[in-house]
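Novice: Quick one: the structure is below, and I'll ask about it shortly.
The values are calculated or read from the model by the stated rules, or taken from the named source; none is laboratory data. Since this is a predicted model, take the numbers as computed values, not measurements. Using ideal geometry, Cβ is built from the backbone for each residue, glycine included, and neighbour counts are taken over all protein chains shown. With ligands, DNA and RNA removed, areas are computed over all heavy atoms of the protein, side chains included. Shrake-Rupley method; radii C 1.70, N 1.55, O 1.52, S 1.80 Å.
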Amino acid sequence: MASLALVTGSLALTPASPAGAHTTDRRSQTVISGDARFQVLSPTLIRTEYSPGGHFADQDTHNVIGRDDFRPTRFTKRISHGWLTIDTGAATVRYRVGSGPFDHDNLLVRLTAGRQPVTAAPWAGLGTPECAAGVLCEAEDLALAGMSVATDHRDFTGTGFAAGFEGTGSALTFAATPATAGTRQLSVRYANSTGGDGQNVSRTLTVTVDGAAAGTLTLPPTANWDTWSLASVPVDLTAGRHQIALVRTPSDSGNVNIDSLALLGTGEAYPAPVPPSPQPCAFGTLCEAEAGALTGGAKSADDHNGYAGDGFLAGLERTDAGVALTVTGVPAAGDYRVQLRYANGQAGSQPVQSRTVSVTANDGPAVTATLAPTSGWDFWRTQQVTVNLRAGTNTVALGCPTESSCHVNVDTVAVTARTAPLLAPHAPLGGYRRGLDGVNGGARTYAGLLFQDGWSLLDDSASHTSADHQDGYVFAYGQDYRRALRELSTLTGPTKLLPKWAYGVWYSEYYDRTAAEFTDIVNRFRAEGVPLDVLVVDTDFKAPDRWNGWSIDETRFPDWNAFASSLRKQGIRTGLNIHPSILGSDPAFPRAQEIAKGRLQRTGCNSGPDCYVFDFGDADQLKAYFWLHDQMNADVDFWWLDWCCDGSRSSRTDITGDTLINKEYADRTGFAFSRAYGSLQAGGYGNPGPVPTGPWADKRTTLHFTGDTISNWETLRFTVGYTPAESAATGLAAVSHDIGGHTGGLQEPGSEPGSTKLPDDLYARWVQAGTFQPIDRLHSNHSDRLPWQYGEAAQASAKKFLNLRKKLQPYTYAAAAEATRTGTPITRAMYLAYPQEQEAYAFAGSQYLYGPDLLVAPVTTPGTTASTTVWFPPGSTWTDYFTGKKYRGGTTAAITTTLDTMPVFVRSGAERPA
C-alpha cells in the first residue's frame, strides 16, 4: 500500500506575500504519497513533484528561488476510493494513489474561473509523445529541444515542421512501445539545402535509444528547402517502451528540417498522413471549432496567437465555407446558447468591420451572429446567440450567407444552457519570444503563465538532472491574473528594477560615428530642448574588427573613458555593443584562448571564417569572455549583448544560455541588456522557439532587447499588443523595442550619407507609442531617428512626446517599482484589471494600461489625422490627457487625433501624471 505522510497545523488562510517577507516551515505544508510529493505554497499555488524512489528536491533551482517565502496556508486532505484529495478552498488537487508518474488522467485540478467550474489535467501532454509503429508522426507534435516549429517552406504535412538542428544538443524525441524485439527502420521526411553555415552537403543526426547512441542518420541534400525526401536508419529495439531521439551531437552537422517520421517494419512503405475525422461536441463543454466537418475551403490553421488547442477554424472566406458540429447530450428540447470565440482583424485590403456568421441548428432557420472587430487576429472575443435544439443529438452549423460575411477565425464553440456563463478555454493570454528579429507585422509567440480559464503549470522538471523527475507548480488563479503574477514573482523572483535613468529617453543608431560626432548630437539634443538620458554606441567603435573586435578604435574614440565621463557629468549614461565572438587574428585572442584552456571553437561568424565563439556553460570560456570585457578598460554603465548571430552557446541543460549569460552581466553592471528566454540555438535569429527550462528566471536580471524589427505600420501595431502580452506571460516588466523599428519596411532618403528615414507620420506615431513603453529607446539601422531630421509637424510632435517621456519618468519609475514589488507590470494588458469583461480580451492588441492610472491606445494607422477606436473600461470615468474631455466607462468611442496628440486617458480619482 502506498504511504501517505501529512503534517499540517491550523493556520489562517492568507494570500501570498512578496518575496523575502516570510520563511515557512515547508514540512507543515507537505503531503507525500509514495513517490509523489505535494507542497501547498498558497491557496492557489501547489507544487506537484514525482521522483522514483522518493528522491525529492528541496534546493533552489535557477527558476525557483522563493518556495519558502509564502505565508502558511490552511488546507485539508483525504483519501477516498483510491484518490488523494488536497483542498485549499480555492483549488483542489486530486492524485490517484500509487499510479506512478503524473499524466493526463491521474492528477486533476479543480477551480473556478469567475462562474465557470474548471477541471484541468496539468500534466497532460507534457511527457514524451508516443509514436506508434507503422504510423506517420508529425515532427511538430513531438518533443523538441533547441528547435522550433516553422511554416516558411512549402509542401509540409500537418501544421508545420521541426526547423533547425542548428546547435549541439538540439533534439527531437518520441516514445515507442514495440510488442516484440527486433530491428525497425526509423524513416524521416526531411529537407536539406544550403544551411546557415553556407554549405549544401549531406548532413547527419545521431539516433539515440534511451539515451544511448544507436545509429547515425545521413540526410543527403534535397533540391531546395521546399523539396522533401526520405532517409532511414535501422534501429534495434527490445520489447517495451523506449525513448528515441534524433540528436545533433558535437560530431553531427545538423542544419536540416524534419517534417515527419515513422518507425517501420522491413519493407513497409512510408505511411501517408491521415486527415483528422470530425469529433462530436458534448453539450455544456468547449469544443474546437476546427474539429467539426469542414466544407468549402474551411480549414484548420495555427498562424496566429491566443487560440486554444492545436489551432482554430479559418478559411471562412466564401459563401460555401462552413463547419458542422455534432452536438451530443442536449438535455431537453428548447432554446440554448451557442457561444463562439472568434477573432476579427483586417482581412487583406478590406477595412476592419463587423462581420456576420449564420448559425443553423438542424433544419431550422439560420440565426445571424454579428461579430464586432477585435484588435487583431491574435485577440479573441466570445459572442453568443440563441438557437432551438431538440433533446439528444443535434447538428449545429456555421456558415457564410454572403460574400462579405465571415472573414473571421473561430477558435471554440460551446452549446450551453441560457443561464450558463461564457466559457473560457485553456487559451494563452499573452506570449513571449526571445526576440522579434525580422518580424514584419506579426509573429508566433509562446504561452507563458496566464491562461483564460485560470490555471497553468510551471514545469521546472528540466532544472533537474534525472529525466524521470517531474517537478511542476500548479497555478490555480481563476480570473485573478494579478495574483498569479504576484505569486510568480514570489516563487521565481521579482522583475528587475532598473536605475531611474533607464526610464528616460535613449538614443542609439547603427551608424558609424566618432566621439566628436556623438558630442555634436548630444549638444543638438540640448539646443533643441530634447531630453537625453542614455546613449548607446553600436558596433562600429570596435577594433580591429568592427563586428567583434575587443579594443576601442582610437581613431573614432581617442579616449572613450573621458568621453563617457563627460556625458555622465551631463546626466547621460552610456552602453557599448558586444557581439559574442572573436577573430583568431585579434591581438586579444591568444590570451583569451589561454584562459579558456584552448577550448574556444573556430566556427566562422559575420566577420569571416577565422572566428571563434564561446561556450558560456564552460567556466573557463566564460572567464575568458569577461576577461575580454575587462581588458578593454571601458567606463560603461552597461553592456549591450547583441547575441543575434554568432554561434556562441551554453552547454548546460539546467539553465538557458540567455539566463546564464544575462545573470553574469547583471552581476557585473546591475542588469543585462540582451535578448531573453532561450538562446540563439533555439530556433536561430528569425524563428526563436521555447526551451524546456522556460522563461522564468530572466526577469530577475534582464532588460529585454527585442531585436531587429521591420519598420512599418504593421510592426508598430504588433508591438502595441506585444509588450503587455510578454509581461503578462513572463512577469518581465522591462521590455525594450527599437522605437521606429530597425530596418527595411517604409523608408525614404535620409538626412545623412547612406541613411534613410521613416515617413513623417509613422515616425511621429512611433515616438508617441514609445513614450508609453517601459523603455523609450530610439534606434535603427542607418535610419534617422532624431526629431530635427523630420518635417515640421513630425518634429514638433516628437519633441513634445520625448519631453513628456521625461516628465513621466517619476511615474514610470513608480510603476516599475510596483512591478518589482507586486508582479503587476508597467504595461498592463486590459484583462489584468478587467478579467470579467470580454472587451478586455478583444481590445488587448490596441490599448493597455500604463501604470495604474493611464489608458493608452497608440495610433497605428497612417495619415496626419487618424481615428482610433478606444474601449473605456467600466467603473471609472476617463479623461483625455491632452484635451480634458471625459468619457464614461463601459463605452467605446472613435478618438480623432492629429500628429500633435494621441489617445491617452486618466482614470477618475487619479492625479494627472506630469
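Novice: I want the local charge near L786. Using Cβ-Cβ distances under 9 Å, sum +1 for each Lys or Arg and -1 for each Asp or Glu among the other residues.
Specialist: Values: positive: R524, R785; negative: E509, E528, D784.
Result for the local shell: -1.
Novice: Where a Cα-Cα gap under 20 Å defines reach, which lysines qualify for K623, not counting those fewer than 8 residues away within the same chain?
Specialist: Within reach: K597, K663.
Novice: Mind checking the full-extension length gain between K886 and S908? Use 0.36 nm per residue of separation minus the Cα-Cα distance, one decimal, nm.
Specialist: Working: separation 22, 0.36 × 22 = 7.92 nm, distance 0.93 nm.
So the extension gain works out to 7.0 nm.
Novice: What do you reckon, how do T653, T151, T864 stack up by accessible area (1.4 Å probe), largest on top? Mind showing how you got there, number by number?
Specialist: Values: T653 120, T151 70, T864 90 Å².
Correct descending sequence by accessible area is T653, T864, T151.
Novice: At a 10 angstrom cut-off on C-beta neighbours, averaged per residue, how do the peptides 369-376, 673-680 rank from highest to lowest?
Specialist: Values: 369-376: 21.1, 673-680: 27.5.
Ranked by mean Cβ neighbours within 10 Å, highest first: 673-680, 369-376.
Novice: Evaluate the charge dipole of the chain about its Cα centre and quote only its size in Debye, nearest 20, assuming +1 on the Cβ of each Lys and Arg and -1 on the Cβ of each Asp and Glu. Can you show the working numbers first?
Specialist: Working: 73 positive and 90 negative charges, 574 e Å.
Charge dipole of the chain: 2760 debye, to the nearest 20.
Novice: In nm, what is the difference between 0.36 nm times the number of residues separating D620 and D559 and their Cα-Cα distance?
Specialist: Working: separation 61, 0.36 × 61 = 21.96 nm, distance 3.07 nm.
Answer, rounded to one decimal: 18.9 nm.
Novice: Describe numerically, in nm with one decimal, the distance between label points set 7 Å from Cα along Cα→Cβ at T653 and at K299.
Specialist: Label-label distance for T653 and K299, simple model: 3.8 nm.
Novice: Reachable aspartates and glutamates from K807, Cα under 20 Å, same-chain residues fewer than 8 places away excluded?
Specialist: Filter leaves E528, D533, D776, E818, D853, D880, D900, E911.
Novice: How would you order 450-458, 127-135 from highest to lowest mean count of nearby Cβ atoms within 10 Å?
Specialist: Values: 450-458: 23.8, 127-135: 15.2.
Final packing ranking: 450-458, 127-135.
Novice: Now for a different question. Would you please put 464-477, 162-175, 50-63 in order of how densely packed they are, using the mean number of other Cβ atoms within 10 angstrom per residue and starting with the highest? Walk me through the numbers on the way to the answer.
Specialist: Numbers: 464-477: 20.2, 162-175: 22.6, 50-63: 15.6.
Taking the mean over residues of other Cβ atoms within 10 Å, the ranking is 162-175, 464-477, 50-63.
Novice: Cross-link candidates for K806: which lysines have Cα within less than 17 Å, leaving aside residues fewer than 8 places away along the same chain?
Specialist: The reachable lysines, counting only those whose Cα sits under 17 Å from K806, are K500.
Novice: Residues of region 223-263 with amide nitrogen under 17 Å from the 7 Å Cα-to-Cβ point of N200?
Specialist: Counting only backbone N, you get 223-229, 255-257.
Novice: How charged is the neighbourhood of T730? Take every other residue with its Cβ under 10 Å from the Cβ of T730, and add Lys/Arg as +1 and Asp/Glu as -1.
Specialist: Spelling it out: positives minus negatives among the neighbours equals -1.
Novice: Round to the nearest 0.05 the FRET efficiency obtained for D610 and T238 when R0 = 56 Å and r is the Cβ-Cβ distance. Could the numbers behind the result be given before it?
Specialist: Values: r = 48 Å, r/R0 = 0.85.
That gives a FRET efficiency of 0.70.
Novice: Note down the relative contact order for the chain as a percent, whole number, built from C-alpha pairs under 8 angstrom at least six residues apart. Working shown, then result.
Specialist: Values: 2364 pairs, mean separation 91.9, N = 914.
Computed value for the chain: 10 percent relative contact order.
Novice: Within a Cβ distance under 11 Å of H81, other residues only, what is the Lys/Arg minus Asp/Glu net charge?
Specialist: Working: positive: R78, R94, R96; negative: none.
My count for the surroundings of H81 gives +3.
Novice: I would also like to ask the following. Expressed as a whole number of Å, what is the distance separating the alpha-carbon centroids of region 171-218 and region 796-846?
Specialist: Using only Cα atoms, the two centres lie 47 Å from each other.
Novice: Can you classify the chain as rounded, prolate or oblate using the Cα gyration tensor, where a ≥ b ≥ c are the square roots of its eigenvalues, rounded means a/c under 1.5, and otherwise it's prolate if a/b beats b/c and oblate if not? Mind dumping the intermediate values first?
Specialist: Details: a/c = 1.41, a/b = 1.15, b/c = 1.23.
Rounded, because the longest to shortest axis ratio a/c is under 1.5.
Novice: Once the Cβ-Cβ distance between A516 and W83 is put in as r, and R0 is 45 Å, what FRET efficiency do you end up with, to the nearest 0.05? Before the final figure, lay out each step's value.
Specialist: Working: r = 75 Å, r/R0 = 1.66.
The value I calculate is 0.05.
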